[in-house]
Amino acid sequence: MGELVYKKHCANCHGEKGEGLRLLIPPLGDARSMELSNLLCTIRYGKRGSLVIFGETYNRPMPGNYELENDEITALANYLYTLFPATSPSNPVTLAEVNALIQQCK
């Protein structure tokens, strides 16, 4: 399910494997952006302002994905961690974690 969510909601901008689009759209896999609470808040609410990913500065807003259910975000996060295992938490992300962490966003 996570791969399907990624392909439908993320791949158009971030690329098929999270490689990004030149200096327009950042690649995924940066340790700070892949930290679980940051990742979940970014998926749900998007990101505005300048950010540095792998030494490159990006300054295009990312829209939030308000239409995604928390179980879809859980599957998406777990899928992203399969693409970037070096940033993965020691255990798979659970729906309970997503529910709790998204409540803390903002």
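Listing for the model above:
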{"quantity": "Cβ pairs under 6 Å, 6+ apart, first in segment 78-106 and surrounded by 12 or more Cβ atoms within 10 Å (Cβ to Cβ), second of a type in the set (K, R)", "calculated": "I102/R44"}
{"quantity": "Cross-chain or 6+ apart pairs with Cβ under 6 Å, segment 39-67 first and free of Cβ contacts under 8 Å to residues at least 40 places away in the same chain, then of a type in the set (K, R) and open to solvent by 40 Å² or more (accessible area, probe 1.4 Å)", "calculated": "P61/R48"}
{"quantity": "Residue match in segment 22-33 (condition: out of contact with any helix residue (DSSP H, G or I) (no Cβ under 9 Å at 6 or more places or on another chain) and closer than 21 Å to M1 by Cα)", "calculated": "no"}
{"quantity": "Helices (runs of 4 or more DSSP H) enclosed by segment 1-98 - at least 2 residues per element that are out of contact with any strand residue (DSSP E or B) (no Cβ under 7 Å at 6 or more places or on another chain) and of a type outside the set (S, T, N, Q)", "calculated": "2-9, 36-45, 70-83"}
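Matching residues to (1) surrounded by 14 or more Cβ atoms within 10 Å (Cβ to Cβ); (2) of a type outside the set (D, E, K, R):
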site	(1), (2)
K17	no, no
L24	no, yes
A31	no, yes
G49	no, yes
L68	yes, yes
E72	yes, no
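The values are calculated or read from the model by the stated rules, or taken from the named source; none is laboratory data. The model shown is predicted, which means the values in this text are computed figures rather than measured ones. Here the Cβ is made from the backbone with ideal geometry for all residues, glycine too, and neighbour counts use every protein chain on show. Each accessible area value is taken on the protein alone, full model and side chains, heavy atoms only, with ligands, DNA and RNA left out. Shrake-Rupley method; radii C 1.70, N 1.55, O 1.52, S 1.80 Å.
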